[in-house]
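**Student:** One structure coming up, written as structure tokens, with questions to follow.
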């Protein structure tokens, strides 16, 4: 199951541009992919949380897969999220993604239903058994409402069930436990990716292999510079780049208290891509509340301060 | 959107029998429907949490809808859960359920994604606008990780967006707020159903219209007796029946600490239906852990004490 | 340890009136006690959450104990909260309360520290062993962040450690489990009191012995009528009274979003007592935010609608 | 209020040794202080969570203050926790600590009671106003059940209310927000200390000034080496030392599932100090469950692997 060498580098979760009538905007999507490849990213992750996967019907998910995989044409590996409540539903998404040519599958623990480590193990084992491509566990407690324990992750890694971890838990001690456990067990091909886009320098210093940054849609060049500085051992430069990106990240709070933080963050990413002329519309999926003109202007100010417009 | 008179009575969430290879066991499913109708239930709710809806791929969901709606043939109203993460995905399920003939749709607030009352309002308004059949809000914080506020529910009821509420939050003060608010606003056709199967007498005494009891799969006659006693104002009899059902409910803990509480409860319901010869297999969907023989024997003891085998 | 007959009826948690410079206003406190006794309450609970016990330094706690116990002079039993983080600190409060003449002690599980059922058992056993008066467990997950399991409560009741339970968890299925378990184990002297002041009719119908209502400070007569109606089996009257009190309870939201819900609720109780001329000042303890004039006017409107001013 | 230069370095939270009959073991406490000073620590923090402050009655707290402050005699600054539910109760502890000679006070947001940022601001402002020594905010959501927002912390820092932050939230993005905000506002005397003892290298690389490590009781020399390596810019050495300490930290799980994680961790620290012959008894306060002989042997193995016995 596992790749020979661990997946590494900057692998942004690709936003899903929508038309004003809520269809996938494939022209904008391919431009976004080009924007990311131009930034020097090492891979792409489609159908993740920043892709609004929770809002995409199956039809839209397939359009995204076909569009991105067709356009990328093997230049970089493309991972696909198979995000659904439990094993049988995830397996349907896995089948579609593998047929479309995804290089790997990213799946969370079960959600909506109450779960248990023994059930999570069955879940990942069953998916890996059917997928035929590498499987990455996606640890996202804010959405899934359970935390993947380091012990379970390492056990499934040693079994060959998991090819890697995308850790968006924000628990850096837990990330360190996985990194050290990987070293102890000589699981060198197991890939540890952080989704904590504001502490990437820390994660890389600990020994993580890469990052899946939502903000990487807006500024892929920045994350690539950060990764390269860290890879070269220039931690001061990595930290400076991360601090710059930290400040840019403030745009996620552009949306006011009349909307949820998800509406605000995803709306801000898309507004930024629109302002940067990468995508044609800043539309986010229902039932998210759109940013208004003043809120979009706030996004613009962040871009201006970062010299991105 | 709203029905002329509020939906009321006992409306069990119908378990979804599976074959040992995890297909929908339609023969068992129709027997289960007959068992429930024989018990005197007032309606059926398919594709709810007790139906393992979170575990059913779209293909299975459609089989369930077609099987139950075809078999019931209009004898009682059949509500269908349209359980998914956000509006666009829910709408796909709504379309299928309405085409299959569901009398009403049951939907939760968005989950997986972070949400906000303004977004929940857009969500329900959009669904009601498209459904063409009555829409019931499903308040299930243990799965959805947000609570539907009484104020929002009543506002959407007054707008005609919601035809009713299935309240599985366990918050009886909140239930009372909805019941009193309905009275104040003269929303007599708005249906208030409790999913708290262990305090049905309390909910009915407060003014709720009915109950959606998972345990009603195992003992529909009991819940019908309870509802009829309450309707007749015989609160002592209602309480006695509820206490009997409370004790029977202990079977949900048959599964040991090596599984989650969901595996245990759904496994116990299905084991009980199997022991009662209603369904052919006690199989639960992946990745749930099955009850072992000793655990099933515990379920059997509960049934024996309740004179149900 | 246990009393011969279970404590029952209406036992309000007595608010702690403060002077504008944040000292205990003992004159107002004795007037409040008279107001409650005049309402016909069956006991008093000092130093509970509604008493702002969390805000009272030890010196103030002692003043409250001495004032109330001196004034009541044995007319009704007075329970005292011994609210602190862990056993050794609780024991200090127990000693003071028992010396002052409290008829019983009310204590929560440990908080601030992470805890475990085995530790909670040691906690209550140690307190009961030292107290020399009946010990009541206080289940208040919103403050304590753990839930007392029914099994543990019943085990400690059977041991004679606990004389009763004050259940403010809002979990009515859990309350029913305790009530039925008490019946099964013939623990007739074990007292089950609900702190859920909005569903008292439900709790009493289930078999609870009484209620500890914060709102009982404002309208003790109402809760006494509710309890007497329920005791007489007049459930319609009990429900009507509870519904009236439910609407009155709306005053707890008088405080706006610039303060916490605790500041709002305790501020509203005190404002109501001030408007009813029971206490001299509506002052709440630091760091609570006081209600402003408009917010106090809202409290007044609730009182006027309830014909309490 | 603020110190001229920010407090920095290794400032362990000093464990509180107890005799078998649960009194403060002052002889062991002074030996522990010597052990820490010998390790080269830059300050001491008494009456913090690792000191079992939640379990110490006021009498014990005073003994600890007098013992440690008397013994240290100004060699290093000694901060004192004033840990209690709300402002008035905290103020009582502040008075005692300041009289005993504490160089600074450490206080959390209110707990047990529901709180709000406006109330937290009043809380810290009131404490700082009365204390007369620098005040450090203690962010410990696992105990306090609210998170101190970076914006509020920086606002109170700019006002001169807070002299520093002890961040035990595990939220490294939040820590970074405080570090960058301090830089932007030129609050150079504001001290940022991490309590996340497993990611100290990360925190120091971000710009934190020091660490308050519970495990520093067991191995102060290790944390001092880590801090010195980081201060010298030798991040590889800092990381290696942190990884060694990470593995040693595994001893906190010596206690089995029959106890809470707090009992296990504090029991393990004390068992380690006992095995290292620093303190005379491994006793932890009630109602914690003590480690048994096998569990203590596990602690011994961790020490042996770390060459600490």
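**Student:** Does residue B:158 count as more than 14 Å from chain A (Cβ to nearest Cβ) and modelled with pLDDT of 95 or more? Spell out the reasoning first.
**Tutor:** Details: more than 14 Å from chain A (Cβ to nearest Cβ): yes; modelled with pLDDT of 95 or more: yes.
When the stated conditions are applied, residue B:158 passes them.
**Student:** Under 30 Å from residue B:168 (Cα atoms), crowded, with 21+ Cβ neighbours inside 10 Å and within 7 Å of chain B (Cβ to nearest Cβ), is that true of residue A:113?
**Tutor:** yes
**Student:** Does residue C:120 meet the test of being in contact with a strand residue (DSSP E or B) (Cβ under 7 Å, 6 or more places away or on another chain) and within 20 Å of residue D:145 (Cβ to Cβ)?
**Tutor:** no
**Student:** Where residues in the stretch C:92-109 are surrounded by 23 or more Cβ atoms within 10 Å (Cβ to Cβ) and in a helix (DSSP H, G or I), which of them is farthest from the other protein chains (Cβ to nearest Cβ)? Let's see the steps before the verdict.
**Tutor:** So the first thing to find is which residues in the stretch C:92-109 are surrounded by 23 or more Cβ atoms within 10 Å (Cβ to Cβ), and the list is C:93-94, C:97, C:102, C:104-109.
If we keep only those that are in a helix (DSSP H, G or I) as well, we get C:93-94, C:97.
Values: C:93: 10, C:94: 11, C:97: 15 Å.
Ranking the candidates gives C:97 first.
**Student:** Would you confirm, using the coordinates I've provided, whether residue B:5 is buried (at least 24 other Cβ atoms within 10 Å of the Cβ) and out of contact with any strand residue (DSSP E or B) (no Cβ under 6 Å at 6 or more places or on another chain)?
**Tutor:** Here the answer is no, as residue B:5 does not meet what is asked.
**Student:** Would you check if there is a residue in the stretch B:155-167 being under 28 Å from residue C:208 (Cα atoms), surrounded by 24 or more Cβ atoms within 10 Å (Cβ to Cβ) and out of contact with any helix residue (DSSP H, G or I) (no Cβ under 8 Å at 6 or more places or on another chain)?
**Tutor:** Checked the stretch B:155-167: at least one residue is under 28 Å from residue C:208 (Cα atoms), surrounded by 24 or more Cβ atoms within 10 Å (Cβ to Cβ) and out of contact with any helix residue (DSSP H, G or I) (no Cβ under 8 Å at 6 or more places or on another chain).
**Student:** Here's another thing I want to ask about it. Is it the case, given these coordinates, that residue A:302 is out of contact with any strand residue (DSSP E or B) (no Cβ under 8 Å at 6 or more places or on another chain) and under 28 Å from residue B:113 (Cα atoms)? Before the answer, list the steps.
**Tutor:** Details: out of contact with any strand residue (DSSP E or B) (no Cβ under 8 Å at 6 or more places or on another chain): yes; under 28 Å from residue B:113 (Cα atoms): yes.
So residue A:302 passes the test.
**Student:** Against the condition over 23 Å from residue A:54 (Cβ atoms), touching a residue at least 60 places away in the same chain (Cβ under 8 Å) and in contact with a helix residue (DSSP H, G or I) (Cβ under 9 Å, 6 or more places away or on another chain), how does residue A:248 come out, does it pass?
**Tutor:** In short, yes.
**Student:** Here is a further query. I'm trying to understand the selection: among the residues of the stretch B:161-211, which are away from chain C (no Cβ under 12 Å) and either out of contact with any strand residue (DSSP E or B) (no Cβ under 8 Å at 6 or more places or on another chain) or at pLDDT below 95 (or both)?
**Tutor:** B:185, B:186, B:187, B:188, B:189 - these are the residues of the stretch B:161-211 that are away from chain C (no Cβ under 12 Å) and either out of contact with any strand residue (DSSP E or B) (no Cβ under 8 Å at 6 or more places or on another chain) or at pLDDT below 95 (or both).
**Student:** Right, next: If you check residue A:148 against the conditions, is it closer than 21 Å to residue A:42 by Cβ, surrounded by 20 or more Cβ atoms within 10 Å (Cβ to Cβ) and either within 14 Å of chain B (Cβ to nearest Cβ) or under 20 Å from the mean Cα position of the chain (by Cα) (or both)?
**Tutor:** Here the answer is no, as residue A:148 does not meet what is asked.
**Student:** OK, next. Restricted to the stretch A:12-23, and to residues that are crowded, with 19+ Cβ neighbours inside 10 Å and either within 19 Å of residue A:104 (Cβ to Cβ) or within 14 Å of another protein chain (Cβ to nearest Cβ) (or both), which residue is farthest from the chain's Cα centre (by Cα)?
**Tutor:** In this case the residue turns out to be A:18.
**Student:** What single numbered condition from (1) crowded, with 23+ Cβ neighbours inside 10 Å; (2) more than 29 Å from residue B:107 (Cβ to Cβ) fails to hold for residue B:190?
**Tutor:** Checking residue B:190 against (1) crowded, with 23+ Cβ neighbours inside 10 Å; (2) more than 29 Å from residue B:107 (Cβ to Cβ), the one that fails is (2).
**Student:** Also, quick follow-up: Would you mention how many residues in the stretch B:280-292 are over 15 Å from residue B:21 (Cα atoms) and buried (at least 22 other Cβ atoms within 10 Å of the Cβ)?
**Tutor:** Selection size over the stretch B:280-292: 1.
**Student:** Of all the helices (runs of 4 or more DSSP H) wholly in the stretch D:212-309, which have at least 3 residues that are under 21 Å from the mean Cα position of the chain (by Cα) and away from chain C (no Cβ under 14 Å)? Walk me through how you get there before you give the answer.
**Tutor:** On the way: elements: D:220-231, D:235-248, D:261-275, D:293-305.
Fully inside the stretch D:212-309 and qualifying: D:220-231, D:235-248, D:261-275.
**Student:** Within the group D:196, D:202, which residue is under 23 Å from residue A:249 (Cα atoms) and surrounded by 21 or more Cβ atoms within 10 Å (Cβ to Cβ)? Steps first, answer last, please.
**Tutor:** Values: D:196 fails: under 23 Å from residue A:249 (Cα atoms).
Criteria check complete, one pass: D:202.
**Student:** Please identify the pairs in which a residue from the stretch B:71-91 that is more than 12 Å from chain A (Cβ to nearest Cβ) has its Cβ atom under 6 Å from the Cβ atom of a residue that is modelled with pLDDT of 95 or more and surrounded by fewer than 18 Cβ atoms within 10 Å (Cβ to Cβ), counting only partners at least 6 apart or on another chain.
**Tutor:** Matching pairs, first to second residue: B:71/B:30.
**Student:** Quick check on my filter: what residues within the stretch D:41-62 are within 13 Å of another protein chain (Cβ to nearest Cβ) and either surrounded by 21 or more Cβ atoms within 10 Å (Cβ to Cβ) or touching a strand residue (DSSP E or B) at 6+ places or on another chain (Cβ under 7 Å) (or both)?
**Tutor:** Hits for the stretch D:41-62 are D:47, D:48, D:49, D:50, D:51, D:52, D:53, D:54, D:55, D:56, D:60, D:61.
**Student:** Here's a follow-up. If only one of B:128, B:143 is touching a residue at least 60 places away in the same chain (Cβ under 8 Å) and crowded, with 22+ Cβ neighbours inside 10 Å, which one is it?
**Tutor:** B:128
**Student:** For the stretch B:110-123, state whether one or more residues are closer than 22 Å to residue B:46 by Cβ, assigned to a loop (DSSP other than H, G, I, E, B) and at pLDDT 95 or above.
**Tutor:** For the stretch B:110-123, residues closer than 22 Å to residue B:46 by Cβ, assigned to a loop (DSSP other than H, G, I, E, B) and at pLDDT 95 or above: present.
**Student:** While we're here: Any chance you could count how many residues in the stretch D:33-65 are assigned to a helix (DSSP H, G or I), closer than 21 Å to residue C:109 by Cα and within 15 Å of the chain's Cα centre (by Cα)?
**Tutor:** Selection size over the stretch D:33-65: 5.
**Student:** Could you go through the stretch B:178-201 and let me know if any residue there is in a helix (DSSP H, G or I) and closer than 20 Å to residue B:39 by Cα.
**Tutor:** Checked the stretch B:178-201: at least one residue is in a helix (DSSP H, G or I) and closer than 20 Å to residue B:39 by Cα.
The values are calculated or read from the model by the stated rules, or taken from the named source; none is laboratory data. Just so it is clear, the model here is predicted, and its values are computed rather than measured. Glycine also receives a Cβ, built like all others from the backbone with ideal geometry; neighbour counts cover every protein chain displayed.
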